[in-house]
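What follows is a short report on a single structure.
The values are calculated or read from the model by the stated rules, or taken from the named source; none is laboratory data. Predicted, not measured: the structure shown is a model, and the values here were computed from it. Heads up, the Cβs are rebuilt from the backbone with ideal geometry, glycines too, and the neighbour counts pull from every protein chain shown. Note: areas computed on protein heavy atoms with side chains; ligands, DNA, RNA excluded. Shrake-Rupley method; radii C 1.70, N 1.55, O 1.52, S 1.80 Å.
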Amino acid sequence: MKQKILNLFVLCCFVLCAVACGKVAEVTEYSIIPEPVQLDVADGTAVVCSPLKISLSGINQDSPTAKYVGQSLSKLHMRPSFVSEGEEFGLLFVLNKTANEELGDEGYTLDANADGITISANTETGLFYGYQTFLQMLPDDIAGTTYSKITLPACKIVDYPRYEWRGSHMDVCRHFFPMSQIKKHLDVMAAYKMNRFHWHLTEDQGWRLEIEKYPLLTEVGAWRVDRNDEDWNYPRPVEPGEKPTYGGFYSKKDVAEIIEYAAQRHIEVVPEIEFPGHCCAVLAAYPELSCRRDTVYGVAVADYWPPTAIMCAGNDSVQTFLKDVFDEVIEMFPFQYIHVGGDEAFKHDWEQCPKCQARIKELGFKSEPDSPAEAKLQSWLTAEIEKYLISKGKRIIGWDEILEGFVTPSCTVMSWRGTKGGIEAAKKGNDVIMTPTKYCYFDYRQSDSLYQPQAIGRASTVLPISRVYQFNPSEGLSSTEATHVLGGQCNLWAEFIKTCEHQEYLLLPRLCAMSECLWSPMERKSWERFQGKVEHHKDRLTNMGYNVCWGAFKPVMTIDTLADGYRVAMEAEEIGTEFHYTIDGTEPTEASPVYAEPLVLPKNATLKTIATYRNKVREGVYTFEF
């Protein structure tokens with residue numbers, strides 16, 4: 001018995017020691033996203049040990065970046081400790097005394113060698129991004145595994161962004177998301193050096209921001225009748241007396257918490273307050289702001305088309321309301337930009353409204369073939385609010401519909417209906433943020449609709465990561481015109497996104513591709529290299545607790561017509577995918593031939609494929625008729 005107790009004691013000590021000491025790892029190559037401007041691997045190694053000694057030069061331990069680093073490394077069980085400058089270190093942060101002009105405000109250098117790892121930058125933002133790169137140099141399972149020693153290849157990195165605006169948008173109106181999910185979204189943005197969080201806060205289906213002067217915006221406008229168990233496109237009509245129970249809003253205290261959390265991650269929060277359209281929630285709370293006094297508005301329970309609810313541009317109280325709202329928005333959001341929406345403002349009510357028509361006559365607007373008088377009226381209303389916001393030190397952004405009347409030179413245009421509007425605006429000298437649906441709308445499926453959760457668009461509307469990676473915000477512009485392109489962003493509209501897990505599934509890993517499009521120089525981009533890197537990041541993100549889409553497994557076909565048939569080549573979106581196929585009409589299995597080289601098929605052939613990836617059959621049988 002004593003021997004058994006002794007053996008148990010020894011085993012417990014061994015387990016406790018293993019937990020305390022952690023595992024040992026050797027990293028052999030780097031998979032950094034976004035791709036740095038310059039990454040040179042050298043002979044030798046660098047070693048990261050736990051406890052990890054951190055030294056600071058030019059910043060103090062109470063700085064936001066130092067606090068973030070300490071908290072982050074503690075979560076990774078690296079047991080960080082700060083040592084005095086000049087002492088032996090494992091990780092050194094240096095704020096440059098003389099600015100390195102090549103790096104700008106967001107760039108950094110990282111030097112990993114036998115003496116330790118040194119990150120230097122002109123600003124704390126640069127140091128922060130250098131630290132994010134350092135984290136990606138560590139093993140893919142670092143978030144869930146305790147390591148006592150990690151050996152890394154020696155290297156030198158010089159890095160800085162291509163674009164200043166690297167945005168990610170979240171719609172919290174169609175479906176409401178908790179504070180914890182917004183913070184999780186900000187965390188993954190920071191990991192990939194994204195720096196603008198576009199927070200879509202007002203919509204037909206819900207007003208999500210506390211405005212003290214207009215309490216009904218949240219008492220009424222933040223809640224709708226619950227139809228979450230029904231198809232978003234075909235909900236049951238709201239019955240008389242049915243109580244709104246679904247929704248929510250963010251208090252001013254909540255907003256302050258998000259602003260601080262984002263600032264620690266060097267992310268600016270850009271609120272979107274939509275006008276004059278997409279305003280059912282506003283008109284449900286304050287119907288006097290509409291053109292129609294005979295219409296009772298309710299917060300929309302789901303999608304509807306066209307979204308005809310619109311604020312009355314001929315009513316002076318609308319401007320009073322908007323200025324009052326923006327006064328409180330300005331108090332909450334300290335950054336330069338405010339998004340004012342402006343998209344899909346259907347103006348049928350303005351065409352019939354005596355006040356709006358009187359305003360058009362007063363302003364002398366005439367309809368022209370490409371610019372109706374009502375479009376000019378929207379431009380006028382936007383310009384009036386812009387003048388007010390400029391007087392408060394702010395700049396506005398609007399969706400590309402604001403170009404349909406006229407646009408002021410100081411307005412920034414967010415181009416979503418392709419890049420045409422953005423190109424037009426850049427040629428006029430307006431600043432532009434590119435976010436075309438073809439590359440940037442992550443509410444579209446990543447793969448075939450048969451094997452994906454419900455999403456927006458037709459079954460054939462698919463946005464795979466390979467197309468995201470093709471995004472070039474400056475395409476179609478001269479070098480002079482391209483100076484007006486601030487950057488781009490991905491958009492995640494939430495009509496069909498009811499859960500946090502679904503939101504992450506649509507975002508990841510496409511956000512990785514977007515980050516490389518917005519940060520890395522064009523000459524450093526490589527789809528083949530990215531394919532290999534993103535496989536590591538799927539594991540990394542999963543270990544961080546994110547729900548990741550593993551990929552699209554329909555073969556990408558290249559078909560050449562021959563005299564008596566076809567030459568068919570197949571490529572995979574995901575590295576490591578194997579296609580098993582048949583051409584005799586039978587269903588393919590894992591025992592079927594594996595595609596290795598282009599197939600020559602006769603006319604009227606039927607090709608069937610299944611994909612295996614990471615030792616699993618993915619999706620199902622794809623059938624192609626020739």
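Descriptive notes on the structure:
- Rounded if a/c under 1.5, otherwise prolate or oblate - region 519-626, Cα gyration tensor axes: oblate
- Amide hydrogen neighbours beyond the local backbone of I117, cut-off 5 Å, H modeled: L91, L92
- Karplus-derived HN-Hα couplings along region 198-205 (A = 6.51, B = -1.76, C = 1.60, θ = phi - 60°), whole Hz, x at Gly and Pro: 8, 9, 7, 10, 9, 6, 4, 8
- Residues M522, M194, M332, ordered by accessible area of protein heavy atoms at a 1.4 angstrom probe radius and largest first, appear as M522, M332, M194.
- Region 428-500 versus region 134-198: alpha-carbon centroid distance in Å: 19 Å
- Set of lysines with alpha-carbon distance to K392 below 24 Å, sequence-local pairs under 8 removed: K213, K252, K253, K323
- By DSSP, the beta bridges lying fully in region 346-503 are antiparallel in about 10 percent of cases.
- Under 5 Å from the amide H of A46 lie the amide H atoms of L152, A154, each residue being 5 or more positions distant or on a separate chain, with H modelled from the backbone and absent for Pro and chain starts.
- 1.4 Å probe accessible area per residue over region 393-490, in Å²: 37 Å²
- Expressed as a whole percent, the proportion of Cα-Cα pairs in region 124-221 lying more than 21 Å apart is 55%.
- Cα-based shape type of region 142-196, given that a ≥ b ≥ c are square roots of the gyration tensor eigenvalues and the cut on a/c is 1.5: oblate
- Within the chain, percent of DSSP bridges classed antiparallel, to nearest 5: 50 percent
- Rounded to the nearest Hz, the phi-derived 3J(HN,Hα) couplings of region 484-493 under the Karplus curve 6.51 cos²θ - 1.76 cosθ + 1.60 (θ = phi - 60°) are 8, 7, 5, x, x, 7, 9, 10, 10, 7, where x marks glycine and proline.
- Across region 253-264, coupling constants 3J(HN,Hα) worked out from phi with the 6.51/-1.76/1.60 Karplus curve, θ = phi - 60°, read 5, 4, 4, 4, 5, 5, 4, 5, 4, 5, 4, 4 Hz, and Gly and Pro carry x.
- Anisotropy class of region 321-468 from Cα gyration tensor, a/c 1.5 cut: prolate
- Under-5 Å amide H pairs with V270, H placed in peptide plane, nonlocal only: F197, H198, W199
- Taking every protein chain into account, the 1.4 Å probe leaves D226 with about 70 Å² of accessible area, to the nearest ten.
- Think of each Lys and Arg Cβ as +1 and each Asp and Glu Cβ as -1; about the Cα centre, that makes the dipole of the chain roughly 840 debye.
- Protection proxy ranking, highest mean first, for peptides 202-211, 399-408, 343-352, 583-592: 202-211, 399-408, 343-352, 583-592, where packing is the per-residue count of other beta-carbon atoms within 10 Å, averaged.
- The equivalent ellipsoid that matches the C-alpha gyration tensor of the chain spans semi-axes of 44, 34, 26 angstrom, in descending order.
- The protection proxy used here, the mean number of other Cβ atoms lying within 10 Å of each residue, ranks peptides 506-517, 213-224, 77-88 as follows, highest first: 506-517, 213-224, 77-88.
- For region 240-292, the Kirkwood estimate of the hydrodynamic radius, built from every pair of different alpha carbons, is 14.2 Å.
- Residues V255, V462, ordered by accessible area of protein heavy atoms at a 1.4 angstrom probe radius and largest first, appear as V462, V255.
- Sequence-distant aspartates and glutamates (8 or more away, or on other chains) whose Cα lies within less than 15 Å of K156: E29, E35, D40, D43, D111, D115
- Relative to the longest principal axis of the Cα atoms of the chain, the long axis of helix 527-543 makes an angle of roughly 90 degrees.
- Nearest-10 value in Å² for the accessible area of D62, using the 1.4 Å probe: 120 Å²
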